[in-house]
Structures are given as structure tokens and as C-alpha cells.
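Q: Structure provided below as C-alpha cells; questions to follow.
Any read-out appearing in this document is the output of simple, stated calculations on the displayed coordinates, not a laboratory observation. Quick caveat, the model's predicted, so the values are computed rather than measured. Don't worry about glycine lacking a Cβ; one is built from the backbone with ideal geometry, like all the others, and counts go over all protein chains shown.
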Amino acid sequence: QKEVEQNSGPLSVPEGAIASLNCTYSDRVSQSFFWYRQYSGKSPELIMSIYSNGDKEDGRFTAQLNKASQYVSLLIRDSQPSDSATYLCAVNFGAGSYQLTFGKGTKLSVIP
Amino acid sequence: EPEVTQTPSHQVTQMGQEVILRCVPISNHLYFYWYRQILGQKVEFLVSFYNNEISEKSEIFDDQFSVERPDGSNFTLKIRSTKLEDSAMYFCASSTRDRVSYGYTFGSGTRLTVV
């Protein structure tokens with residue numbers, strides 16, 4: 001059974017702080033990893049994708065991947081109240097599949 | 001920016017009725033998907049569709065579900081005989097074949113309420 005696990009939170013950080021969101025997955029041969037942001041009642045919105053070990057930065061967002069530890073994280077620098085949302089980790093487990101397996105999401109609250 | 005369009009945004013139906021959820025994927029995309037999210041739960045994969053046929057489906061996608069691309073633009077999900085537990089947000093998504101685009105674009109969703 002391929003699983004993606006996230007701490008459901010809520011995670012509260014003050015405005016301007018760094019928010020750190022974590023995700024673990026069950027299959028060592030997983031290939032592609034994604035972070036989506038989902039506002040309440042809305043659809044998931046892709047923020048970051050990462051495929052190789054290490055860090056990938058895009059603006060205030062940094063995704064980190066450690067395949068040996070089966071761990072992917074998302075850092076949000078200079079957090080803003082508008083970043084308050086649920087962050088979904090999604091994994092493509094490869095082997096010819098285009099399917100994404102999602103975690104339950106971590107709810108982030110940025111306190112002004 | 002290109003969008004995946006879903007209609008209707010909200011549908012209420014009686015148990016046992018058939019519903020059709022509609023999606024217009026991004027025009028140059030080749031892969032199409034349906035996901036659902038029951039309130040408070042994970043986003044779950046239902047089915048993927050490529051080259052006019054189903055390429056993958058989950059255990060959720062049983063005989064009461066079907067998908068179709070009736071013309072060059074629309075992609076539909078039909079639920080033949082709805083049950084209370086089918087109440088959920090249904091998201092359509094599409095992607096190109098390019099690996100980077102596996103992080104596909106989701107539509108805004110259809111909220112299905114079965115009463």
C-alpha cells in the first residue's frame with residue numbers, strides 16, 4: 001500500500017516567520033513529488049515540484065527532498081496571512097503511473 | 001493562464017439518480033483525470049484517461065462510474081446510480097506528457113451532494 005503521511009496540524013506561525021511543512025512516503029522508488037496549496041472549498045493549486053535529492057527554491061518557497069529517508073518538506077519564508085491554507089503533499093510512485101497519491105494535508109495559519 | 005473548466009460548480013441529486021460531471025481540459029493536454037475529495041479527507045484518485053481510453057483506475061472507480069470524451073474538448077464523469085457516500089468534491093485535472101507537468105492543473109471542482 002503506497003502511503004503519503006503528513007502532520008495534519010494546525011501549524012501556527014507568526015507573520016514573517018518560516019513555516020516548515022513535512023511529508024513522508026512509503027515507497028523508496030517514488031519518482032516525483034509535489035506540494036499543492038488548497039484554500040477551504042477550493043481546488044488544489046500546484047506550488048512546487050521536485051524530482052531530485054536536495055533543495056529547489058522558487059521565490060519564498062523551498063522544497064527539500066531526501067529519498068534515502070523518504071522525506072520531502074516545504075519551507076515558506078517570510079510567511080504572510082495569505083499563505084494560510086492547507087498544504088497537500090502528493091507523490092507519483094512511478095512504474096508507468098501518472099496517478100498522484102495525496103497526503104491528508106497540513107493546515108497552516110499565519111498569525112498577523 | 002490556461003484553465004481547466006468544470007461544470008456545474010454545485011449539483012444536488014437524489015440517491016439513485018444519474019449525474020454527469022463535465023470538464024474542459026487545457027487544450028494541448030493529453031492526459032485527463034478525475035479525483036474526488038470527501039469533506040475533511042484526502043484527495044483521492046479515481047481514473048486517468050489517455051488516447052480515448054482509461055489508462056488507470058482506482059478501486060473507487062467501480063461499475064457505477066464511467067468516463068467519456070464525447071468530442072474534442074469535453075471530458076465527462078458519469079455516476080450511474082448515486083449513493084449518499086458519493087457526496088464529495090470532484091476535481092478534473094489534465095496534464096501534458098512532459099514529466100514536469102505530472103503536477104497537473106486541477107479544475108475548480110464540482111461539489112456533488114447526494115440526498
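Q: Is there a quick way to get the dipole size of the protein assembly as shown? I mean about its Cα centre, with the Cβ of Lys and Arg at +1 and of Asp and Glu at -1; what is the value in debye to the nearest 20?
A: Taking the Cα centre of the protein assembly as shown as origin, the dipole is about 140 debye.
Q: If you project the alpha carbons of the protein assembly as shown onto their three principal axes, what span does each projection cover, largest first, in Å?
A: Answer, in whole Å and largest first: 49, 37, 36 Å.
Q: Would you mind checking region A:79-112 for residues with the amide N under 18 Å from a putative spin-label position 7 Å along Cα→C-beta of A:Leu11?
A: In region A:79-112, the label zone of A:Leu11 (backbone N under 18 Å from the point 7 Å along Cα→Cβ) covers A:79-91, A:102-112.
Q: Work out the FRET efficiency for B:Gln64 and A:Asn66 from their Cβ-Cβ distance, taking R0 = 30 Å, and round it to the nearest 0.05.
A: 0.15
Q: Distance between the C-alpha centers of region A:63-95 and region B:46-67? Whole Å please.
A: 28
Q: Now for a different question. Per-residue counts of other Cβ atoms within 10 Å, averaged by peptide: what ranking do you get for A:49-58, A:95-104, highest first?
A: The packing order, highest mean first, is A:95-104, A:49-58.
Q: Right, here's the next one. Any chance you could list P(r) for chain B, counting all Cα-Cα pairs in 10 angstrom bins from zero, rounded to whole %?
A: It works out to 15, 50, 30, 5, 0, in whole percents.
Q: Mind giving me the FRET efficiency for B:Glu18 and A:Asp27? R0 is 30 Å, r the Cβ-Cβ distance, nearest 0.05 is fine.
A: Result of the calculation: an efficiency of 0.25.
Q: Sticking with this one: Please express the shape of region A:1-53 as an equivalent ellipsoid: the semi-axes are the square roots of 5 times the eigenvalues of the C-alpha gyration tensor, given largest first in whole angstrom.
A: 23, 14, 13
Q: Determine the dipole magnitude for chain B: charges of +1 sit on the beta-carbon of Lys and Arg, -1 on that of Asp and Glu, nothing else is charged, the reference point is the Cα centre, and the result goes in debye to the nearest 20.
A: For chain B, the charge dipole is close to 140 debye.
Q: Give me the compactness ratio for region A:1-95, meaning the Cα radius of gyration over 2.2 N^0.38 Å.
A: Normalised Rg, Cα atoms only: 1.05.
Q: Quick one: in region B:34-99, what % of C-alpha pairs are over 13 Å apart?
A: I get 67 percent for the Cα pairs in region B:34-99 exceeding 13 Å.
Q: Please list, in order along region A:5-15, the HN-Hα scalar couplings obtained from phi with the Karplus expression 6.51 cos²θ - 1.76 cosθ + 1.60 (θ = phi - 60°), rounded to whole Hz, x for Gly and Pro.
A: Coupling constants for region A:5-15: 10, 9, 6, 6, x, x, 9, 10, 10, x, 3 Hz.
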